[in-house]
Amino acid sequence: MMKHVKGNVHWVGKVDWELETFHGNEYTTRKGSTYNSYLIKEGKTVLVDTVWSPFADEFVDNLEKGIDLADIDLIVVNHGEVDHSGALPALMECIPETPIYCTANAVKSLKGQYHEDWDFRVVKTGDRIDIGNGKELVFVEMTMLHWPDSMATYLTGDNILFSNDAFGQHLATEKLFNDQVDQCDLFNESIKYYANILTPFSSMLAKKLKEISALGLPIDMIATSHGVVWRDDPMQIVEKYAAWADDYKEDQITVVYETMWNGTRTLAERIAAGIREADPDVVVKVFNLAKSDENDVITEIFKSKTAVIGSPTVSNNILHTMAGFIQMVKGFRFKGKKAAAFGCYGWSGEGVKVINDLMSEAGFEVTTEGYRNNWNPDGAAQEAAEEFGRTIAGL
Ligand code: FEO
């Protein structure tokens, strides 16, 4: 199925309503996703990206309903990851001589995945190709946003930036444009996508946004590879990215805990009450990690100025789900955030120190020694936990 984007540009991608996880099981996609591919029919016919491999045959069949595949003059691969390049093998079986324009790193990733020696044409930032009717494609390397092979492609005349993963969101929709979907869904999925995929590369992103701006290319639309096309005030998502890339935090404190017999849970709730009491304006959220979507909790930590992490001590350590979660947090290289630790213990009681050490390694400023409680928290211990919350609110 084709959907009209602008001028002679059509969407020829796939809406995946059933997708539940992405990157294996690393990223939850509660609202599905789309794999956006675009067909530009000017003097030359250009295909920008394809779709994930399970939909390869469907993609090629649909494309054949719209055009003669032999009419495709060139393919642009903005990024080699399989959710965008997965239909290339099926497509290239039909049109094996068609040149593929991509970065030098994309040649490595495509050869590494598909072991094919297609007609690769390597491009770099500022390279242009004439596609007829007075229009050109301009390439912009987007190295590490989010793979070394990533790039964006700009179509002159229509002023469309095909940004690939950047500015995308995992949101299945039959609608094509940002102004046609629920705005809460759109921005919730956009910030989740940024927090869980792009945060490690925030410093590079800030430089790249300036570089794109310096090219002086007017942008009427940003056509991403996941979710909607930004046509209504497309720079709004660029401005969001600029803010998110700048050590983003809101006036929020997030309490995340694991518990065995509810003692650490009680502490979590009393700490949250203490924070609220000391600072009625701050947003306080509490998550039992074992019962929460880890990607949503990562998003909440991304939005927070302080993460308060709790686990009981078990086997001189902390519960493994929390240990794995902090390892995940470490990978996001958050900057400018504080952390504090708490937890119950029965015997040795190392859990709080373990959390402090892990959060410090994860780049957080650990602001206190933490709060630990022997056995189940009684009234005095609960009051002490509230006081700990009040202390955190003031740090
Ligand atoms: Fe949507 Fe990096 O692939």
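The values are calculated or read from the model by the stated rules, or taken from the named source; none is laboratory data. What you see is a predicted model; the values in this text were computed from it and never measured. Here Cβ is always computed from backbone atoms with ideal geometry, including for glycine, and neighbour counts include all displayed protein chains. The area values use the complete protein model at the heavy-atom level, side chains included, leaving out ligands, DNA and RNA. Shrake-Rupley method; radii C 1.70, N 1.55, O 1.52, S 1.80 Å.
Given their separation in residues at 0.36 nm each and the Cα-Cα distance between them, residue 387 and residue 330 gain 17.7 nm when the chain is fully extended.
Stretch residue 20-residue 315 to full length: gain in nm at 0.36 nm per residue minus the Cα-Cα span?
102.8 nm
Cross-link check: pairs 207/285; 207/249; 330/353; 31/303; 14/330; 14/175 evaluated at a Cα-Cα cut-off of 23 Å; pairs beyond the cut-off: 207/285; 14/330. Site pair residue 127 and residue 361 shows an inter-label distance of 4.1 nm when each label is modelled 7 Å from Cα along Cα→Cβ. If you model the chain as an ellipsoid using its alpha carbon gyration tensor, with each semi-axis the square root of five times an eigenvalue, the axes come out at 47, 20, 18 Å, biggest first.
Looking at the stretch 253-393, send over the antiparallel percent of its DSSP beta bridges, to the nearest 5. Looking only at bridges with both residues in the stretch 253-393, the antiparallel portion is about 5 percent. Where only DSSP H runs of four or more residues are counted, the chain gives -10000 deg cm²/dmol as its mean residue ellipticity at 222 nm, each run worth -39500 (n - 2.57). With θ set to phi - 60°, apply the Karplus curve 6.51 cos²θ - 1.76 cosθ + 1.60 along the stretch 351-363 and write out the HN-Hα couplings as whole Hz, x wherever there is a Gly or Pro. The phi angles translate into x, 4, 5, 4, 5, 4, 5, 5, 5, 5, 4, 7, x Hz. Note on the stretch 253-393: with charges restricted to the Cβ of Lys and Arg (+1) and Asp and Glu (-1), its dipole about the Cα centre is near 340 debye. Phi-derived couplings, Karplus 6.51 cos²θ - 1.76 cosθ + 1.60 at θ = phi - 60°, listed residue by residue for the stretch 365-378: 7, 7, 9, 9, 6, x, 10, 10, 10, 7, 6, 6, x, 8 Hz, with x used for Gly and Pro. So if R0 is 41 Å, what FRET efficiency would residue 214 and residue 353 give, r being the distance between their Cβ atoms, rounded to the nearest 0.05? Calculated value: 0.30.
With distances taken between every two different alpha-carbon atoms, the stretch 56-198 has a Kirkwood hydrodynamic radius of 16.5 Å. With protein chains left intact and a 1.4 Å probe, residues in the chain average 41 Å² of accessible area per residue. Scanning residues 5 or more positions from residue 136 or on other chains, those with amide H under 5 Å from its amide H are 131, 156, with H placed 1.01 Å from N in the peptide plane.
Highest mean first, the peptides 34-44, 128-138 sorted by other C-beta atoms within 10 Å per residue fall in the order 34-44, 128-138.
Counting DSSP beta bridges in the chain, what percent are antiparallel, to the nearest 5? Let's see the in-between values first.
Values: 30 of 66 bridges.
Roughly 45 percent of the DSSP beta bridges within the chain come out antiparallel.
Per-residue Karplus couplings for the stretch 55-61, computed as 6.51 cos²θ - 1.76 cosθ + 1.60 with θ equal to phi - 60°, are listed in order as 9, 4, 5, 4, 4, 5, 4 Hz, Gly and Pro entered as x.
Summarising the amide proton neighbourhood of residue 34: residues at separation of 5 or more, or on other chains, whose placed amide H is nearer than 5 Å comprise 16, 171, 227. In plain terms, the chain from residue 57 to residue 242 could stretch by 62.8 nm, reckoned as 0.36 nm per residue minus the Cα-Cα distance. In the chain, taking the dipole from charged Cβ atoms about the Cα centre, the farthest positive-side position among 148, 334, 109 is held by 334.
The packing ranking, built from the mean of other Cβ atoms within 10 Å per residue, places the peptides 45-53, 280-288 in the order 45-53, 280-288, highest first. Overall, the accessible surface of the stretch 253-334 at a probe of 1.4 angstrom is composed of carbon and sulfur to the extent of 46 percent.
Over the stretch 47-157, what percent of the accessible surface lies on carbon and sulfur atoms, probe 1.4 Å?
Numbers: 2090 of 4410 Å².
Ligands and nucleic acids excluded, carbon and sulfur give 47 percent.
Peptide packing for 334-347, 150-163, 238-251 was compared via the average number of neighbouring C-beta atoms within 10 Å per residue; ordered from the highest value, the list is 150-163, 334-347, 238-251.
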